[in-house]
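A short write-up of the structure that comes next.
The values are calculated or read from the model by the stated rules, or taken from the named source; none is laboratory data. Since the structure is predicted, the reported quantities are computational estimates derived from the model, not experimental observations. Ideal geometry is used to build each Cβ from the backbone, glycine not excepted, and the neighbour counts take in all protein chains shown. Note: accessible area is taken over every heavy atom of the protein model, side chains too, but ligands, DNA and RNA are not part of it. Shrake-Rupley method; radii C 1.70, N 1.55, O 1.52, S 1.80 Å.
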Amino acid sequence: RAPGLTMRATLDFLLHDWLQVHTLLQRPRFAEHSAGTFAQVLDACERIAREKFAPFTRLADTEEPRVVSGPDGERVILPRATHEAMAAYVDSGMLAAAQDYEHGGMQLPCVVEMAANAFFSKAGIGIGGGGLLTSGNANLLMAHGTALQKEVFAKHEFAGRWFGTMCLSEP
């Protein structure tokens, strides 16, 4: 990394100079966007990652999740900052950013969505990973699910009411 080169400068170079994301604006799907709207998305994600996710990363080392028993069974209690970070992420619209407007999305090009999500991965993959898993799960349902699965599961995941997980098969 060159001295003084920020992650944002790197993303701007990759998106605009190397990948020429502006050429996507010629497609009807992205015609309502501009370099300005892409910049606004990156600005918002950078700010949320800096203010909500990065501070949580250190907190997660000092205030670990704990299991408590209650009348409804056992529950995992996470630091309050976890909930605030995820609420900010959900409110940003990034769970459905590349989806159609009719599905609550922004119809962003996938490459812009991925660039914006890089801020969350960098600031705290422990919490940022939850959003990425949820978006990935819902996108999979949108591509291969039945109409009922899209309505019942993907819709709630894109809205941040439910979250996706990962099931690893390797030992």
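Extension gain His144-Glu74, at 0.36 nm per residue separation less the Cα-Cα distance, in nm?
Working: separation 70, 0.36 × 70 = 25.20 nm, distance 3.40 nm.
Contour length minus Cα-Cα distance gives 21.8 nm.
Could you give the dipole magnitude of the chain about its Cα centre, charging the beta-carbon of Lys and Arg +1 and that of Asp and Glu -1, in debye to the nearest 20?
The calculation lands at about 160 debye.
Residue-wise, which Karplus ³J(HN,Hα) couplings in Hz belong to the range 42-50, taking 6.51 cos²θ - 1.76 cosθ + 1.60, θ = phi - 60°, and x for glycine or proline?
Rounded to whole hertz, the list is 5, 4, 5, 5, 4, 5, 4, 4, 5.
Which value, in Å² and to the nearest 10, is the accessible area of Asp72 when all protein chains are kept and the probe is 1.4 Å?
150
With θ taken as phi - 60° and the coefficients 6.51, -1.76 and 1.60, list the Karplus ³J(HN,Hα) couplings across the range 54-70 in order, rounded to whole Hz; mark glycine and proline as x.
Each residue of the range 54-70 in turn: 4, x, 5, 4, 5, 4, 4, 7, 9, 10, 6, x, 9, 9, 10, 9, x Hz.
Rounded to whole Hz and in sequence order, give me ³J(HN,Hα) for the range 75-82 from the Karplus expression 6.51 cos²θ - 1.76 cosθ + 1.60, θ = phi - 60°, writing x for Gly and Pro.
3J(HN,Hα) across the range 75-82, in whole Hz: 9, 9, 9, 10, x, 3, 4, 4.
Which one of Gln99, Pro79, Ala116 is farthest out on the positive end of the charge dipole of the range 65-137, using unit charges on Cβ (Lys, Arg +1; Asp, Glu -1) and the Cα centre as origin?
Pro79
Loop only by DSSP, 16 or fewer other Cβ within 10 Å of the Cβ. Give me the trypsin sites (Lys or Arg not before Pro) in the range 19-59 that pass, ordered by residue number. Before the final figure, lay out the partial values.
On the way: sites: Arg29, Arg47, Arg50, Lys52, Arg58; in loops: none.
Qualifying residues, ordered by number: none.
So if each residue of separation counts as 0.36 nm, and I subtract the Cα-Cα distance between Glu84 and Thr165, what length gain in nm does that give?
Numbers: separation 81, 0.36 × 81 = 29.16 nm, distance 1.93 nm.
In short, 27.2 nm is gained.
Considering only protein heavy atoms and a probe of 1.4 Å, how much of the accessible area of the range 70-132 is carbon and sulfur, as a whole percent?
Working: 1650 of 2940 Å².
Of all accessible area on the range 70-132, carbon and sulfur atoms account for 56 percent.
Assuming R0 = 35 Å, can you tell me the calculated FRET efficiency for the pair Met7 and Arg66, based on Cβ-Cβ distance, to the nearest 0.05? Intermediate values should be presented prior to the final figure.
Working: r = 33 Å, r/R0 = 0.94.
The value I calculate is 0.60.
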